[in-house]
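J.: A single structure is presented below for examination.
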Amino acid sequence: MRAAGRLNREDCVVSVNEGRVSFLAFGGGLGWKDVCPVIVTDRGEESFLQAGKPRACGSCLVASGTYPISGMEETIAIEVLQNRALVIRRKLRNPGPESVLVKGAALQTVNGRGRPVFRENSVWRARFAHLDNLRFEEYPWCRPEYPLVRPLPRSLTVFGSNEAQVVPAILFTNESYSEVLVEGQLSQEITRLRWRISASSSSDLFSLYMAEWEFPGSGGWTLQPGESIELEPLFWQILTDRHPQEALSDYFRLAAELNRLCSEDNILLTRAFYCSWNYGIFSNISESSLLRTARFIRDNLPNVRHFLIDGGWQPHDPVHAPDCSNFYLPERKRYDRAKFPNGMKGMADRLRKIGLSPALWWTPSVSLTSRLAREKPHWLAHDSSGAPFRIGRSGCLDYSNPEVQGYMGHVFGTIFRKWGFEAMKMDFWSQSVESPSIRYSGGTGVMWRNWLLGTIRSHLPSHGFLMTCVATAMGNPFLGRHAHTYRACIDIGAYSRWLEHVYASCWVQGMLAIPGRKTCLINVDGLGVNPDLAERENIHRLTYGFITMGSIEVDGRLETLGRRHVGWLQKLTSDMDRGYPCLTADDQAFTGAPFPSALYVPYPEDSLTRRRGVVMHLALFNWSKEPRHIGVTREQVGLSGSLTAREFWTDSRKAVGSEGLCEIVEPHGARLYEISDRRC
């Protein structure tokens, strides 16, 4: 079974030969072949030189070697798992007498060798999927793109290095998904994994393949003499006949096992929250208006637990100049006294007395014209040129500065202990830790992201939550180490026109199958009712919010709604059981415009919903201006047996046909079915 430099497991072979790593199945035709470990230091780029024969230790293969220019040493440990998967762990050590700056590390093509391979290496058939394919986010750019699954890029393209907090995983496949290669980073402590790929017109498929561990927010990682660093583990898996939305399931399972993520104790799995921003409110808030809404929620929406006061409570405009420097000012200048005459503690106490948990919007951004920025310029983070880092008129604090850490402790102590808020929505934050141009005095953006989220989490009660917002995230599971839910789209705003819902949904498709119960819950922004819109467009929005399985955020001046509309929100927020993968029945949403016509959630046997007799929720969507026949077959969504379909909003019932379900859906309309194995 074992030979020097290789391991066999099932029908796979793992080997390290001449310093190159291979993981192949089906007689060597599918997998990764001859990929070379590389590092870039302040002394140049250099390839791994294997020292001696690799040694087999149970299910692991271990190889050691050096880098000839810097003298750095590396140990590569490859653990072979079941289901044609493995984990690669890399440890770098500086044995020399002088420090070495490691600017990056990679597994890549070197001298024309080293790449993913398929049994049929056809550039016509080759495809790949990465969430950067759905959105580009790097200030001032924020733009939806598609499709998710597309041909390999002809020119060199970088994936995973923008500000959108993407899942650090990529998959390579073909147009029929008969062969699939998955790779992804299994934790994020110091680095962020990105890919550089470009296609070849030859049978090699790739002119360059590079999976690179980068050190965002820094110029690299300095290793002093005798010091070492362990890079976060890399996951590889070889699959056959697996759709992209299901191909990452083992990756997410293992990532959740290796990291302590917010999962089963997440209060947002079963309870909704209110937010004061969308459906036309924005910053037009006051103590009296919010308390009217809070009392209405208490009397009409019993499963709404938290009341989140969004932007508008601060003395400065929270959108055009987001700012946390108000906590540098005296207490009575930290909030808008005209709107909140009893102060923020008084507001939190009143919400608690009504029966709701108070939550607050906050941002770590700092106005560059603020008193704090003027008096404490050394607190500001800088860019690669040495100038203060800026996003529009705002900058960021350097979290690696001990004085800044003390100030942030003061901020959170005020919000959570002194004022008494129990949950937080953090906005305009991700650029401070994800931007390619920011530079910290020490550490990396990944480290300071974990510190910021972890510090906030440490102040929350067990029934609290932390929600991240702009730049909205693209499913990074490691946010779930400390955050409970992440906004995944732009604002729904006033929802005064249909296109606002379309824009808010345009890049969410690639995240719907992520198991939020095991990682972090998606949030598709506020759900409410605009009486001035057509009923079908309100129902479309509510249906999308329900079926996508994220946290449920209810917005708007609810006390102004009629009984029928309030009834919709009561249905939406009752019997909540969130966080299961939401699957897509039509492949067109992956290979074309990312607007699905059918989404479904099959419930596991031990779920609360399944115990109520509900097998599945199924939603049909018409995004067009014309009526459409929309439906699914039983085979498409995995249904069998005698089943009943209850339309969620109207309570009408019918049997599921022998072939499946099909409806004529009106323009901008939707249907939401509860499929049960109970009789009509």
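The numbers here are math on the coordinates, done by the rules we state, and not lab data. The model shown is predicted, which means the values in this text are computed figures rather than measured ones. With ideal geometry, Cβ positions are generated from the backbone for all residues, glycine too; neighbour counts draw on all protein chains shown.
J.: Could you run the Karplus curve 6.51 cos²θ - 1.76 cosθ + 1.60 with θ = phi - 60° over region 130-139 and give me ³J(HN,Hα) per residue in whole Hz, x for Gly and Pro?
T.: Calculated HN-Hα couplings, in order: 8, 5, 4, 5, 9, 6, 10, 9, 7, 3 Hz.
J.: Also, I was wondering about something else. Rounded to the nearest angstrom and ordered from largest down, what semi-axes does the equivalent ellipsoid of region 44-140 get from its C-alpha gyration tensor (root of 5λ)? Present the calculation step by step, with values, prior to reporting the outcome.
T.: On the way: eigenvalues 170, 101, 45 Å².
Listed largest to smallest, the semi-axes of region 44-140 are 29, 22, 15 Å.
J.: Measuring from centroid to centroid over Cα atoms, what is the spacing of region 1-65 and region 284-362 in Å?
T.: 57 Å
J.: Turning to a different aspect of this structure: Determine the principal axes of the Cα atoms in the chain, then give the extent along each, sorted from largest to smallest and rounded to whole angstroms.
T.: Per principal axis, max minus min of the Cα coordinates gives 75, 72, 40 Å.
J.: Kirkwood hydrodynamic radius, region 600-676, all distinct C-alpha pairs: what's the number in Å? Could you put the intermediate results ahead of the total?
T.: On the way: mean 1/r = 0.0774 Å⁻¹.
Hydrodynamic radius (Kirkwood, Cα pairs) of region 600-676 is 12.9 Å.
J.: For region 394-468 and region 183-259, what is the separation of their C-alpha centers, rounded to whole Å?
T.: Cα centroid of region 394-468 versus Cα centroid of region 183-259: 26 Å apart.
J.: Now a separate question. Going down the table (K353/K518; K418/K518; K103/K425; K425/K571), which pairs top 31 Å between alpha carbons?
T.: Violating the 31 Å Cα-Cα cut-off are K353/K518; K418/K518; K103/K425.
J.: Could you tell me how far the Cα centroid of region 121-151 sits from the Cα centroid of region 546-618, in Å?
T.: With region 546-618 and region 121-151 each reduced to a Cα centre, they are spaced 27 Å.
J.: Next question. On alpha carbon coordinates alone, what is the Rg over Rh value for region 267-579, Rh being the Kirkwood radius?
T.: 0.95
J.: Restricting everything to alpha-carbon atoms, can you work out Rg to Rh for region 390-529 with a Kirkwood hydrodynamic radius?
T.: Values: Rg = 16.1 Å, Rh = 16.4 Å.
Result for region 390-529 is an Rg/Rh of 0.98.
J.: Next up: Between D532 and R43, how high is the FRET efficiency from 1/(1 + (r/R0)^6) when r is the Cβ-Cβ distance and R₀ = 60 Å? Nearest 0.05. Please list the in-between numbers first.
T.: Values: r = 65 Å, r/R0 = 1.08.
The calculated FRET efficiency here is 0.40.
J.: Still on this structure: Using the Cα centre as the reference, give the magnitude of the dipole from point charges on the C-beta atoms of region 76-142 (Lys, Arg: +1; Asp, Glu: -1; all else neutral), rounded to the nearest 20 debye.
T.: On the way: 12 positive and 6 negative charges, 73 e Å.
In total the dipole reaches around 340 debye.
J.: Run the helix sum for the chain: -39,500 (n - 2.57) per DSSP H stretch of 4+ residues, divided by residue count, reported at 222 nm to the nearest 500 deg cm²/dmol.
T.: On the way: 14 runs with 119 residues, N = 680.
So the calculated ellipticity at 222 nm is -5000 deg cm²/dmol.
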